[in-house]
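The values are calculated or read from the model by the stated rules, or taken from the named source; none is laboratory data. Just so it is clear, the model here is predicted, and its values are computed rather than measured. Cβ sites come from the backbone with ideal geometry, for glycine too, and all protein chains shown count toward neighbours. Accessible surface is based on the protein model in full, side chains and every heavy atom, while ligands, DNA and RNA are left aside. Shrake-Rupley method; radii C 1.70, N 1.55, O 1.52, S 1.80 Å.
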Amino acid sequence: MPWERQFDVDEMLGKAMSAFWRRGYEATSVQDLVDETGVGRGSLYATYPDKHALFLAALRMYDDRNRRVRLVELERTLPPRQAIEALFQSFTAKIKSGSAAADGCFLTNTALEMAPRDPEAAEIVGRAQAEIEAFFRRTVRRGIRDGAFRPDLDPDAAASGLLASLIGVTVLIRSRPEPKLLGRVVREAVDRLG
């Protein structure tokens, strides 16, 4: 009789994503994944050949369900300045609300931990960062056209600067989760747009 999966793969992957996001790749053991997901080792390995494959699947899930969805929604529903501010605030909101230490951004965490030595993780992170930069570029162009931003603004340079500021914010959330500091960084990034 062939092996039959006894768990929901999406639910298990979501729980694995949470574990990797909080702890990082290296600090998350297979036993942590078993404990977190409630799925036995044999079933995990029958679904994903190893911890690395499970990690990459979890990272792709985060990118598809969090980052992509958020950018589409912001671009579709908000004016340019508010869309950019809302993206930054989606990361800083946990800190401002006084909730437990924020986990930062799974993509940025992965960039710092894995990208220098893991080409597959680096490809996922690099593509996501390029898409975030493209979101900023389109939003800046729209803001210039609508009169919300300075007319002499270079959309490419502004998009690169906003990407760097956003990545900086996601690192600071982990290392210095100080609301005043984060607020200043966000204000400075948005104020550069005019």
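A compact table of results
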item	result
Filter pass, residue 167 being in a helix (DSSP H, G or I), under 20 Å from residue 62 (Cβ atoms) and at pLDDT below 95	no
Members of the range 133-153 found to be surrounded by 13 or more Cβ atoms within 10 Å (Cβ to Cβ) and of a type in the set (Asp, Glu), listed by number	133
Single unsatisfied condition, residue 109 versus (1) in contact with a Phe, Trp or Tyr (Cβ under 9 Å, 6 or more places away or on another chain); (2) farther than 18 Å from residue 64 by Cα; (3) touching a residue at least 60 places away in the same chain (Cβ under 8 Å)	(2)
Pair list, Cβ < 7 Å and 6+ apart or interchain, from the range 121-150 residues that are under 20 Å from residue 107 (Cα atoms) and at pLDDT 95 or above to residues that are among the basic types (Lys, Arg) and open to solvent by 50 Å² or more (accessible area, probe 1.4 Å)	124/60
Top-ranked residue of the range 1-30 - restricted to ones that are at pLDDT below 95 and exposed (fewer than 12 other Cβ atoms within 10 Å of the Cβ), ranked as farthest from residue 171 (Cα to Cα)	1
Of the criteria (1) open to solvent by 30 Å² or more (accessible area, probe 1.4 Å); (2) in a helix (DSSP H, G or I); (3) modelled with pLDDT under 95, which one residue 60 fails	(3)
Scan of the range 45-55 for residues that are closer than 23 Å to residue 27 by Cβ, part of a helix (DSSP H, G or I), open to solvent by 10 Å² or more (accessible area, probe 1.4 Å) and not β-branched (Val, Ile, Thr), ordered by number	45, 51, 52, 53
Residue within the range 113-121 that is under 19 Å from residue 74 (Cα atoms), buried (at least 18 other Cβ atoms within 10 Å of the Cβ) and in contact with a helix residue (DSSP H, G or I) (Cβ under 6 Å, 6 or more places away or on another chain) present	no
